[in-house]
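Below is one structure, written out as structure tokens; comments come after it.
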Amino acid sequence: MNEDLHPGNDSGNDSGNDSGGDPGGGASPGEETRVDWDRLREAAVAALEHAYVPYSRFPVGAAALTEDGRVVSGCNVENASYGLTLCAECSLVSALHMSGGGRLVAFVCVDGHGDVLMPCGRCRQLLHEHRAPGLRLLTVSGVRGMAEVLPDAFGPENL
């Protein structure tokens, strides 16, 4: 699922500039994308309505803004073997590539009540791989940069 989102005012605490040794580091002053976090969160809530969760009954929705202003979203899809369950971030990245590719500049993940969730470690790694420089995540602790939620990340640049 994707739609166009013209970034609006940035609400939320943006204490997370993705900087330091991260090659996908923070945007230079004046380059930072403005994010309408409320609208992005609404897209994540809409995505969770499509979750397939017959075992856990724990739907998760995720939405992200791409560099070109599109919103891509995804939901979790469970499997009876549990280990093959796809997190919402997995289907979001699939939607990213199915809709033309690109890089993620802002991300949010929510539970069935619409409350913000922190992506699991596996999904943080997935987001790291598909991030634009300066990717920001709305987390339970506010807006954070990728380097804050996945410090010392391993990525393509390490291969």
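Just checking: which of the helices (runs of 4 or more DSSP H) contained wholly in the range 83-159 hold 1 or more residues that are more than 18 Å from Ala43 (Cβ to Cβ), modelled with pLDDT under 95 and open to solvent by less than 20 Å² (accessible area, probe 1.4 Å)? Full working, then the answer.
Working: elements: 88-98, 121-129, 146-149.
Counting at least 1 such residues, we get no helices (runs of 4 or more DSSP H) at all.
Going by the conditions given, is Ala64 in contact (Cβ under 8 Å) with a residue 12 or more places away in the chain, assigned to a strand (DSSP E or B), hydrophobic (A, V, I, L, M, F, W, C) and crowded, with 24+ Cβ neighbours inside 10 Å? Judged against the criteria, Ala64 is a match.
For first residues located in the range 129-142 and closer than 16 Å to Ala62 by Cα, partners that are open to solvent by 30 Å² or more (accessible area, probe 1.4 Å) and among the basic types (Lys, Arg) and lie 6+ apart or on another chain with Cβ distances below 8 Å form the pairs His130/Arg103; Arg131/Arg103; Leu135/Arg103; Arg136/Arg144; Leu137/Arg144; Leu138/Arg41.
The values are calculated or read from the model by the stated rules, or taken from the named source; none is laboratory data. As the structure is a prediction and not an experimental result, all values here were calculated from the model. Note: ideal-geometry Cβ built from the backbone for every residue, glycine included; neighbour counts use all protein chains shown. Note: areas computed on protein heavy atoms with side chains; ligands, DNA, RNA excluded. Shrake-Rupley method; radii C 1.70, N 1.55, O 1.52, S 1.80 Å.
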